[in-house]
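Q: Sharing a structure below in structure tokens format, with a few things to ask.
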Amino acid sequence: MTDNRLGSAVSPYLRQHADNPVDWREWGPEAFAEARERDVPVLVSVGYATCHWCHVMARESFSDPGIGELLRQDFVAVKVDREERPDVDASLMASASAFTQQLGWPLTTFLTPDGHVFFAGTYFPPSPVGQVPAFRQILAAVLDAWTERRHEVDANASAIAAAIRQGAEADRTARGGADGGGDEPRLPSVDDVRAVVDQLAQAEDTTYGGFGGAPKFPSAPLLEFLSDVAADGDARASALLERSLHAIRASELTDADGGVFRYATKRDWSVPHYERMLYDNAGLLAVAGAEQARGIADFLRDTLRRADGGFVAAQDSESTIDGRRVEGEWYRLPLDERGRLDPPPLDDQVLTGWNGLAIRGLAIAGARHGDAEMIELARGAADAIVAGHLTDGHVSVRSSTPRGASTAAPTIEDVGLLAEGLLELALVTGELPYADVARTLVDDGLAGRFDTDPVLAAAGTATGEQPQTAMRSGTVALAAAAATLAALTGDESYRAAAVSLVADRAVTGTERPLGHADALGVALALQRPSREVVVVASDPDDPIRAAARGARRPGTVVATVTPTQAADWSAAGFTLFESRGRLDPAGYVCHDRVCALPARSVDELTAQLSA
């Protein structure tokens, strides 16, 4: 008999484990209090609902009654959804790096009742495979260390926790300017940022495209950095970006319905790892060409979109065919044959931050390619998130499902990504309410209004948001949104905050760009002369609106509004729009908010933009 407590969980990943013969608990102070009372270690297993190897370990080990009994007797077992609790995942990942550099999910960690990691790994098989021990062997070794060498366990756990605290303190010091203290941060120079393209060119796989060997990831933040440098006039970056996008578009990584898989297991982009994440597809939207972007938008609309307009987190790699759970088989069928089988299930979490990323990607792609439906999809997601996850303009819910809202606290990922997405949508549509909410979110983010997880707070192991390779960082998104607000309002404190948020990450990125490419792009924009473009036209099809599409580049903010909208923005404190509604149509090209005479035609606007 088990005391598994996951049956009422909101997270779809936790609910997948509700029938395990394991006494699973959810993450929280209660689980650690139980471990303290029983004086046993805590097993924390981290994964997510569409993770193939998480499914495998669940079938092999967590469905084994014998392992369930071992865990019941000698451990407190805790399940964590990394999508629901990215702060917990980040902390445990940082600790796990002391034991392995092959980090990923499932993440298997062992903690003291004080919340300090003393051993960690990833997937463990039911029987030894090469140098990888069986999960039972791991449990036995951990239990032996706990009972026979407790002083070593405590010493190791304390040392790792101390290293985590030091790293977090260094990060806080680097961000001191955004918090109102510390030395003035320094951005890398434009030349240093552009020199990163040389590193990427050397890392390019000139045979198959992309970067490095197997496995191959789409790495949307890296591609967006190349897009930024290309828009800044670098032809090498433009060519490298196009080759990379073509490799993704023409390979097995892109499904027949337009959606993009998480990564390819082979160097030639073949044999995908078949799960499809919202963040990969949303990130690629910001850089993809018209055909590729349209395919991704179709996938978001047809597969991940809920009835209310919000997007769920992912689609699984596995499906059930002839009574068996198999990976990838459904995706390998032609599109016209898939309908006779049940599709792979969805991770039905709606995540605030990930939806912000989708709103941004759809708004950028819709404006760039003149695709009104993409903008409508962005608007639908924005309305759903604002209505369901915000209270009085502040993020109150990180994750929700049809079963309710998670108790996990919102993070900087939610605030930063949603703020940037809403602001991008506001600039494309001219709709002030999105900008008003975005400004509130930026203010919240800069004020650091986030609740630290109580277990991490007590353990002193909260790391804050870590650099990421697969999706845009909430910290970087917050900086980008703040920089945009500086251009729209004239409030230079927003720009100073943006510099503080990205300076240290960008400097690191000049040497190690993979995890910091997004910061490099924002740093480039902050170093470039500020240019603001406002197009005023009542007719949504006026060609002067289309003429502004190509103006987007680092350091440039582009807004399209009607005369009435311009007056509304001005009245709300967005001073860039003052007196902009008098002429219709008209384009205003400004440098550091000093504007040239209004352009009344496409030719005049084009000439000013090219000057």
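The values are calculated or read from the model by the stated rules, or taken from the named source; none is laboratory data. A quick note: this is a predicted structure, and the numbers were derived from the prediction, not measured. Positions of Cβ are backbone-derived with ideal geometry, glycine not excepted, and every protein chain shown enters the neighbour counts.
Q: In the range 439-459, how many are at pLDDT below 95 and of a type outside the set (Asp, Glu)?
A: 4
Q: Out of (1) at pLDDT below 95; (2) under 24 Å from SER45 (Cβ atoms), the odd one out for ALA174 is which?
A: So ALA174 meets the others, but not (2).
Q: Another question, if that's okay. Mind listing whichever residues of the range 487-499 are among the small types (Gly, Ala, Ser) and either crowded, with 22+ Cβ neighbours inside 10 Å or touching a Leu at 6+ places or on another chain (Cβ under 6 Å) (or both)?
A: Matches in the range 487-499: ALA487, ALA497, ALA498.
Q: Is the range 462-482 home to any residue that is assigned to a helix (DSSP H, G or I) and free of Cβ contacts under 8 Å to residues at least 12 places away in the same chain?
A: So far as the range 462-482 goes, no, none of its residues is assigned to a helix (DSSP H, G or I) and free of Cβ contacts under 8 Å to residues at least 12 places away in the same chain.
Q: To continue, here is another question. I'm trying to understand the selection: among the residues of the range 190-207, which are of a type outside the set (Asp, Glu) and either under 26 Å from the mean Cα position of the chain (by Cα) or crowded, with 18+ Cβ neighbours inside 10 Å (or both)?
A: Quick first cut of the range 190-207, residues of a type outside the set (Asp, Glu) only: 190, 193-197, 199-203, 206-207.
Listed by number, the residues that qualify are VAL190, VAL193, ARG194, ALA195, VAL196, VAL197, GLN199, LEU200, ALA201, ALA203.
Q: Identify, please: which residue in the range 447-458 is surrounded by fewer than 22 Cβ atoms within 10 Å (Cβ to Cβ) and in a helix (DSSP H, G or I) and is, among those, nearest to the chain's Cα centre (by Cα)?
A: LEU456
Q: Would you confirm whether or not the range 591-601 contains a residue that is in a helix (DSSP H, G or I), more than 36 Å from the chain's Cα centre (by Cα) and surrounded by fewer than 18 Cβ atoms within 10 Å (Cβ to Cβ)?
A: The answer is no, given that none of the residues of the range 591-601 is in a helix (DSSP H, G or I), more than 36 Å from the chain's Cα centre (by Cα) and surrounded by fewer than 18 Cβ atoms within 10 Å (Cβ to Cβ).
Q: Here's something else I'd like to know. State whether one or more residues within the range 407-423 are closer than 25 Å to LEU278 by Cα, among the polar types (S, T, N, Q) and in contact with a Ser or Thr (Cβ under 6 Å, 6 or more places away or on another chain). Quick ask: steps written out before the conclusion?
A: Residues of the range 407-423 closer than 25 Å to LEU278 by Cα: 407-423.
Remaining after also requiring among the polar types (S, T, N, Q): 407, 411.
If we keep only those that are in contact with a Ser or Thr (Cβ under 6 Å, 6 or more places away or on another chain) as well, we get none.
There is no residue in the range 407-423 that is closer than 25 Å to LEU278 by Cα, among the polar types (S, T, N, Q) and in contact with a Ser or Thr (Cβ under 6 Å, 6 or more places away or on another chain).
Q: Scan the range 257-316 residue by residue and report those that are of a type in the set (Asp, Glu) and within 19 Å of ARG82 (Cα to Cα).
A: GLU275, ASP280, ASP316
Q: Which count do you get for residues in the range 96-130 that are more than 23 Å from ARG165 (Cβ to Cβ) and not in a strand (DSSP E or B)?
A: The qualifying residues number 12.
Q: Just to be sure I understand, how many residues within the range 106-127 are more than 24 Å from ALA457 (Cβ to Cβ) and either in contact with a helix residue (DSSP H, G or I) (Cβ under 7 Å, 6 or more places away or on another chain) or crowded, with 18+ Cβ neighbours inside 10 Å (or both)?
A: Total satisfying the criteria: 7.
Q: Scan the range 483-500 for residues that are aliphatic (A, V, I, L, M), touching a residue at least 60 places away in the same chain (Cβ under 8 Å) and more than 17 Å from ASP228 (Cβ to Cβ) and report the count.
A: The total comes to 4.
Q: Also, quick follow-up: For the structure I just gave you, tell me whether ASP308 is surrounded by fewer than 24 Cβ atoms within 10 Å (Cβ to Cβ), charged (D, E, K, R) and either closer than 30 Å to GLY388 by Cα or modelled with pLDDT under 95 (or both).
A: Answer is yes for this residue.
Q: Additional query: Please enumerate the residues belonging to the range 1-54 that are of a type in the set (D, E, K, R) and touching a strand residue (DSSP E or B) at 6+ places or on another chain (Cβ under 8 Å).
A: ARG5, ASP23, ARG25, GLU26, GLU34, ARG38
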